[in-house]
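Remarks on the structure that follows.
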Amino acid sequence: MARYSQQRENILLNLQGRKDHPTADMVYEGVKEIQPNISLGTVYRNLAFLSERGQIMKISAGVGPEHYDGNPNPHNHFICKSCGRILDMDFMPAEDIVEEASRMFDGDIQGYELKFYGTCDVCKSKE
């Protein structure tokens, strides 16, 4: 068990209070407001620590920096290919998705991540 860290706690609280799926730089800017002496390296290390332990979710949008989600519970995401915005999609696909995928290979599936790509409502309204 890792020892308690006020910096890690502030990073986790920052993420849990957001819905915008921030990058590490965005988390750094938010945490710096309450803990001015925190370094960007500390934020990156703690985001990796929290992600590895399943306390937060790391999301790759395909290009650009990683994004983070303070909600570690299984859920899906929509990623806008125009602006890069990431939105939560609170639905679960058919219950047999893991069973269907397991038929494709001999390994053991322990989870999955589903991402949808397209154009968000803001970008679509600009077209």
Q. Amide H neighbours of N76 under 5 Å, counting only residues 5+ apart in sequence or on other chains, H built in-plane at 1.01 Å?
A. M89, F91
Q.
Quick check: at a probe of 1.4 Å, how many percent of the accessible area of the chain sits on carbon and sulfur atoms?
A. 51
Q | the chain: most fluctuating residue of H75, H67, H21 per GNM, C-alpha cutoff 10 Å | A | H75
Q. Measuring with a 1.4 Å probe in the full set of protein chains, what accessible area per residue, in whole Å², belongs to the chain?
A. 66
**Q.** Restricting the range 1-89 to chymotrypsin sites (Phe, Trp or Tyr not before Pro) in coil, as DSSP defines it, with at most 13 other Cβ within 10 Å
**A.** Y4
Q) Hey, got a sec? Which GluC sites (Glu not before Pro) in the range 27-108 land in a DSSP loop and have at most 11 other Cβ atoms within 10 Å? A) E33, E95
Q. What is the Cα radius of gyration of the range 1-86 over 2.2 N^0.38 Å, N being its residue count?
A. 1.06
Q) How large is the helix-only mean residue ellipticity at 222 nm for the chain, computed as the sum of -39500 (n - 2.57) over DSSP H runs with n ≥ 4, divided by its residue count, in deg cm²/dmol to the nearest 500? A) -10000 deg cm²/dmol
Q | Fluctuation leader among Q55, Q110, Q35 - the chain, Gaussian network, Cα springs under 10 angstrom | A | Q110
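The values are calculated or read from the model by the stated rules, or taken from the named source; none is laboratory data. Being a predicted model, the structure only gives us computed values, none of them experimental. Positions of Cβ are backbone-derived with ideal geometry, glycine not excepted, and every protein chain shown enters the neighbour counts. Surface accessibility is based on the protein's heavy atoms, side chains included, excluding ligands, DNA and RNA. Shrake-Rupley method; radii C 1.70, N 1.55, O 1.52, S 1.80 Å.
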